[in-house]
Structure formats: C-alpha cells, structure tokens
1. What residue, of B:38, B:48, B:11, is over 24 Å from the mean Cα position of the chain (by Cα) and either more than 21 Å from residue B:433 (Cβ to Cβ) or modelled with pLDDT of 90 or more (or both)?
2. Looking only at the stretch A:61-82, count every residue that is more than 7 Å from chain B (Cβ to nearest Cβ) and crowded, with 24+ Cβ neighbours inside 10 Å and tell me the total.
3. Which one of A:29, A:41 is modelled with pLDDT of 95 or more and within 14 Å of chain B (Cβ to nearest Cβ)?
4. List the pairs whose first member sits in the stretch B:206-222 and is without any contact (Cβ under 8 Å) to a residue 24 or more places away in the chain, whose second member is surrounded by fewer than 17 Cβ atoms within 10 Å (Cβ to Cβ) and part of a helix (DSSP H, G or I), and whose Cβ atoms are under 8 Å apart, counting only residues at least 6 apart or on separate chains?
5. Can you list the helices (runs of 4 or more DSSP H) found entirely within the stretch A:213-332 that contain at least 2 residues being touching a helix residue (DSSP H, G or I) at 6+ places or on another chain (Cβ under 7 Å), within 14 Å of chain B (Cβ to nearest Cβ) and modelled with pLDDT of 95 or more?
6. Is one or more of the residues making up the stretch A:257-266 in contact with a strand residue (DSSP E or B) (Cβ under 9 Å, 6 or more places away or on another chain), over 28 Å from residue A:154 (Cα atoms) and surrounded by 17 or more Cβ atoms within 10 Å (Cβ to Cβ)?
7. Please go through the stretch B:268-313 and give me each residue that is touching a strand residue (DSSP E or B) at 6+ places or on another chain (Cβ under 7 Å), without any contact (Cβ under 8 Å) to a residue 40 or more places away in the chain and facing chain A (nearest Cβ under 9 Å), ordered by number.
8. Among the listed residues B:531, B:540, identify the single one that is at pLDDT 95 or above and over 21 Å from the mean Cα position of the chain (by Cα).
C-alpha cells in the first residue's frame, strides 16, 4: 500500500503547459494533494483523457496515464476497468470532449455505472482550438465561430448526467480547493461512475465565466453548498434559503416568520430534488456539492461476477475441449 | 462448381424408373450433389441447410456451403425479397466451393422457385411444396400462371409434394398449435432430402434435443416431422430410388463442422489461452460479424470478456483500454464499422498496443448489401487512416482458415505490439466446412511477457529484433508512464514536436511492420512451381473458386497456376519474384481491383484484374471463361 506517499510522488517530470492563470493548475494541484490520502498504491492509479486543454492532465500525473483521442476516454476507460477491476481509474475530460464529440460515450458509461471517476472541467468554451463556443456556452455567446452570437441552446452537465442515470453527480469549482478535495474523495469512495463537474476558468477565452460563484467578494450570495440532511441555506450571513412554493422552489429570507424548518432539506438519494437543483440558474443560487448519490450495481463488478460464476459452474476453460465441441465426428 | 454431367444424368434416369413402395428402393451412386434449400426467410431454410451439411459431413463427405439470405428479418411472406437460401455441395472428392449450379432445388413457395430457378442446372431436381403454390402466392412471386402446371418446368424433374399437408398429418395429435406445426415443415423437408441422399439423421435429432430441451412437446413434434419426411421418401412412389454419395478420402482425425465466424471466435479464445491472458472483445452488433460476439459471449469461463459497446468507436476504444491493461483485446465489425473505428485504430498504431480488428467484409458502399460478401475493404485496411499508420493485414481463405488467421493475428499483435487487421467476409462467416480439429499444444507459440523490471524501463525502448516496445501494464510498480496520441520522443515516449524525431518514429513503426515479412512462409504455388503462362493471384474467400477452376483447367492441360495470399501487409518478400516467373498475372478479387493496385504499385508488374462486385462469390464458370480468354489473348 501507498502508506508514505506524498503530493510530490504524484507530480510527473513533465513541464506543465497550460496558459498561465488557467484554472487547470488549481485542479491539478488539488488532485495531486488528494491522491496520497486515498490509500491507493500509485501503480494502480490510471488517468485517462481525451482531447482538449483538460486532457493534457495525465502527462502531469506520475501515475499510469493515457492521453487518448477526442471524446473516447470513457470508452477506453471502460475497457480497462472491466478487464482490470483492480485499478483505480480516473477520466479527465472537458465540456467539448465529454459532452460534444464524446457525448455518446458519456451517457452510456453513466447508465452502465462503470466504477471510475469522471472529472469534467467545464469552462464553457473551446480552449485548445482557440475560442469557439462549446455545448455548455450560453445562447448569444459571441466567439470566433459565432460572430453574431451562438443560437445553440446549451447542455447542463448536471442534468445531462442525471438524465443518463448517473449514480453519483456532483459539482465543484476550481478555486474552491477544500470543496474540490472533498468532492474528489466522495467521488472516489463511490462505487460506480462518479461524475464531477468542475467549474473551471479559462482566463484566455472565457475569463470570469463563473465569477459570481468564485469571486470571494460575492460568491457567498451565489453559491448554494449542498450537504446531505441539511437545509438549503446560503448567503454571506447564511440568512437565505430554498423553500418549496407548491411544486416550485423559491428563495426566501430567513426571519419574519420563515425559519430553517420551512426550507428544503437536501437528500442525495432524491432524484427529483437533484433534477430540481441541477436546473437552478440565476437568479437562483448555483448549487455545488453532491446532487445525487445512490448505490447501484456496477457494470464491471457485474460482468466479472458473471465470469466467476461461469468458471465456478464450468471450470476454467480448456481450449482443447472447446475445439472438440459442436458437430463432430471421427474419420479413421 | 458444376456437377459433372454424369451425376446429373444418373439423377435424371432414376426419375423415370418410379417403382412401388414394397420392395426396398434402389440406391444409386453419385460423386457429388449441390442442393439449394429455398423458402421464405421464416421457413427455416438456413437451419435445414446447416443440418443437412452436418449430416453430410458426418457421413464422411467433403462439404462446402453458401448461405444466401436477405437483410430483412422477415420481408413480406411470399415475396422475392423475402427468399432465403442455403446451398450445400457434398462430395466424395475434395471440393472447394458450394457449387455453381444446384442439382436440386427445394422450393417452399413460388417466390423461392422464381428467385432460384435460373441457377438450377438443366434436368435438375425441383422439390416444390404444392400447398404454397396458391393463386395469391403465385401472384406475389410474379408468376402469370402456375409453373407447376404450365409446362414451363419441363426441362427439370419436378416433384410436387404437399409438405404442408403431410407435416400437418404427421403432427395431428402432437398437441402443438397450427403455427408451430407450420414451423416444422422445414424438418419434414430435411427428413425427405436426408432420405433421398441417405444421410443419417441422428445428428439432427441430437441437435434438436439440445435446442428444444426446455419444450419437450416441440422437440417431439420436430423429431416426428423429420422422421415423417424421411419415411415418406422411403414409402412414397414419387421417388424410385435414393442416392449415395460415398465418403471422400479425407485425412483421418477428429472433425468438426465449422463456420467462419465460429472459427474466428475459437481462434481468438485459443490464442488468448496460449498467451495466458484474458480475452476482451469490444464490439457493436453488425451483420455479418455479430456471430463472433455471440459465440464469444458463451465462453466466459476462459475468461472471455464481451462488451457490447454503445457504438463501433467504443468497441475499438474499449479494446484499446483492455490492451493497455494487458488483455488480448479484439474488436469485430464489418466495413461500415471499420470506417468508424479508423481514428481509434490510429491511436493503437501510435501507442503500439496489440489489438486485433476483424472486418467481416460485406458488399458496400455505405449500407450496401449487408448479408452479401465482398472484398472491397482491402485498401481501407491498408490506407484508411490519417497519417502514416501501417498495420499488418491477414485474410482468411476458408471458413476453417478463420481459426488459423485469428490465432495468427493475435500472435503477430502481441509479438510486434501492434494492431492487426483480420479480413474475412460474409461468405466465410456463414459458410461451413469440415475442420480437422487441431492439437492446441502444436499451434505456434504465443509468448507474452509483460514487463515487470523497472531497471532501464522506457516505454518506447524497442526490442532489437522485432522492434516492438515493452508491454507495461498498470498495476506494475515502478513502470508508471503515460501513453498518448501526440507525437512522442524515441524511447522515453515523452511528448515531442521535434521534426526529426517525428520522422524517426514514423519510420520505426513502418520498419517494424515491414519486418514481419521475414516470418511469412515461402509462397506455395499451386501448379507450376517454376513459373509458366498464367498465374491467378487471390486472397480471402476467392480461394475456393480459384482453386477449383485452376484444378479443372490444369486437368485439361491448361498452363495456369494459383497463388493465394494470407499476408496482405506486409506482402511476402518472395511474391514479386514468384509473380515474375509467369508471363501473365491475373488478380481475381471481389472488388474493382484493390490487390491489383497494390501489386502494380509495389512491383511495377503489369497484372490484370478479374473482378466481380455482385455480392456473390465467383462461379467456376465465370473464372474459367475469364482465364480461358486470358490464355488465348
């Protein structure tokens, strides 16, 4: 076991080549910090990525790594994890890689619930191709490919994941190091696919896209930190909350007859609640934390169980016997 | 292959000698017979054909089969589009094809008759289920009048049998409903034809027992229909005699009837066993490759992982992931699917991971004719990827050869750390032949040594002989490294944009693949080993028709030889010299001339093509005509 590993053990000898000021640096630092705390031997850790800025990630981790092709990381990781359930697999992807060119693999891996972790860096822009809108960019986004503004309605990564039957869905923010670390650990502890959207600032092509939730001076008014079993409260003075008005959520000011007991209590096992929170958009606060977490059999374990059962029932395969099955006869 | 006239002659003679059912019937000897079973796609003709083939193989004949079925699962009943056929050639001699022209056509309805009549040899036997020749069925098949009545079939020997009524009578108190009774008609016909050629029906009964073990009443009905058909042949006055095709002189040993897809699946399993690694298949269902997935899904205990992916790309991608983890990783597909896998195949080339991509070729372009064979994916296999991304390509020649080729593909992939393409086609996939089951311990060694020693480890440090890089899998302490699609530095595998290094790596990979040629056995020329007038060069499933044609022409004194390639990339080192020993080179393939282009481009040999793009194998008669003209020209 990796008992004495430190953050440094997870730093590769390769020079990090993201733009200065990129949110990816903070994510990399936190992942390297959390790794030794997970109790996994370094040689059992594999980072797999697709294409894009985020997908350079594996080169900087001193573990096994695979920088693959655009959008296919979940499929490659599935092949690896199914046949090597002993490994600790992480997929690093972005809003373009994971939700556009690789959208199909993403939804299918989520429904299958293969036991690995997906870190989706969402900066709502194409960085590596230098600034086109992405499937999470807002309508009206003016970019090089949309000089008159994008008319493309965006995906919401959280509700896409929930809709794809994900068993673990969370959101965190690149600069919220402590929260990010907690989410990484929660995702890692989860058996099945853990989907973690990380709001990540691209300071070159989409600077301050998440300013309201990351700027220290204002973020408390916009971030709603989800905690299982606790009422939905936010605000600098923790004096605002989410209450149901019939079937619709509303922001209420605590006091004047409104108490915590009137507020919605977060329940990670409630899919309807997760969808409701996933759809929060300004002026509602932006939820961060674990939206949804339920136990469900994993694809890799189920498949390996079938293999074990077959072996228990039929014995280890004998190739010579196998060839002699079917319609056979002997010619003397 | 055409039946020798004498065999057909005997068949014709016997019909005129219809006798009583009291005395034991005569048995006449024939050399070989081609039967085509044809009916609606729901009539169970594939099943009847397969079982008849197995019976014939067990009777000691050499066999070759050609299933021919529509892409539609159930086209409207009684229409030409819905006709499904299965042709089997069984012989007391060695045979290479399922035959050009059937001697016997079983037509379960007018559409089956109409769709196949042109192929039946003059004087051939037609067994028709008269019950199906209703006015509406005749109209649906496009007959203006009933061919059974209007003398349009006078040049054939027609046996009108009310299969529907006879099957219904036989199953009168079987307790199964009318629909189920109708589904036993194929067994009645199989029984009848089995009697006609004195095939043992025990193997079919055994097969039925396995298939219907959970529904004893259905099993009993099927067996009863089969036996009723057999006994009907013996007792009816319609058939004066039955025929015997003596066993072929086949090498002694343990045999199994096998289709190409089954042989492919077995080749992969056995290769993985020899490599002592698990087998992983990532695949998306596609005709005509899906049976490989089906077969492998039944071999879990070996262990075999079968992952039915969300698409073709994920099939390939998951195989790459499994290869990274140390599995014998494969993907199976057909042409349209290989297009989709191309980018991921390039990643496997670049990262030098062993994956076998099987393309069970079908007629294209686009969706084309999914159930029909073609060989038009060769140039895609050669060049259908961006950048310089060479891959070894091997092609199977017969259904049983699919086993050897699948096994060889794994051996090459793991030895040279490279993706390998295995080309088969729809004809091989579904065609069957007797297979002398090999002794697993005598197959070529597949030695996989995963790297464990961290001392001096570099991900791209090459073996001096094979030029392959080490296979270092996650979970191995001290070998942590990163692979990727970006251009990488020699030995270290670190990302590098150095122009000179990029060329070095491109050339290293090309040399590695080219170097496989030293393993290819010397070319065996069938015919004139020292050269001659004309050589036919072929690859893949054209083996049977070419060999049969060349065999026949040589027996008539024609100066023609045959070279058949298994290795298409790299091509054998001695190929150019061997071809140059002949005055003329003709490349016969089921495409517009793809191997032809390669041979002309690589060797500047002025070869000519012999091409067919009809979704059907070459007929011996077609090749004979073409070769005869070439010899004269």
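1. None of the other options fit; the residue is B:11.
2. 5
3. Exactly one of A:29, A:41 is modelled with pLDDT of 95 or more and within 14 Å of chain B (Cβ to nearest Cβ), namely A:41.
4. From the stretch B:206-222, the pairs are B:219/B:209; B:219/B:211.
5. Answer list for the stretch A:213-332: A:299-314, A:319-323.
6. Initial filter on the stretch A:257-266 (in contact with a strand residue (DSSP E or B) (Cβ under 9 Å, 6 or more places away or on another chain)): A:258, A:260-266.
Then drop every residue that is not over 28 Å from residue A:154 (Cα atoms), which leaves A:258, A:260-263, A:265.
Going one step further and asking which of them are surrounded by 17 or more Cβ atoms within 10 Å (Cβ to Cβ), we end up with A:263.
Yes, there is a match, as at least one residue in the stretch A:257-266 is in contact with a strand residue (DSSP E or B) (Cβ under 9 Å, 6 or more places away or on another chain), over 28 Å from residue A:154 (Cα atoms) and surrounded by 17 or more Cβ atoms within 10 Å (Cβ to Cβ).
7. Within the stretch B:268-313, B:269, B:302, B:304, B:305, B:306, B:307, B:309 meet the criteria.
8. Values: B:540 fails: over 21 Å from the mean Cα position of the chain (by Cα).
Going through B:531, B:540 in turn, the sole match is B:531.
The values are calculated or read from the model by the stated rules, or taken from the named source; none is laboratory data. Since we're looking at a predicted model, the values are computed, not measured. We place every Cβ from the backbone using ideal geometry, glycine too, and count neighbours over all the protein chains shown.
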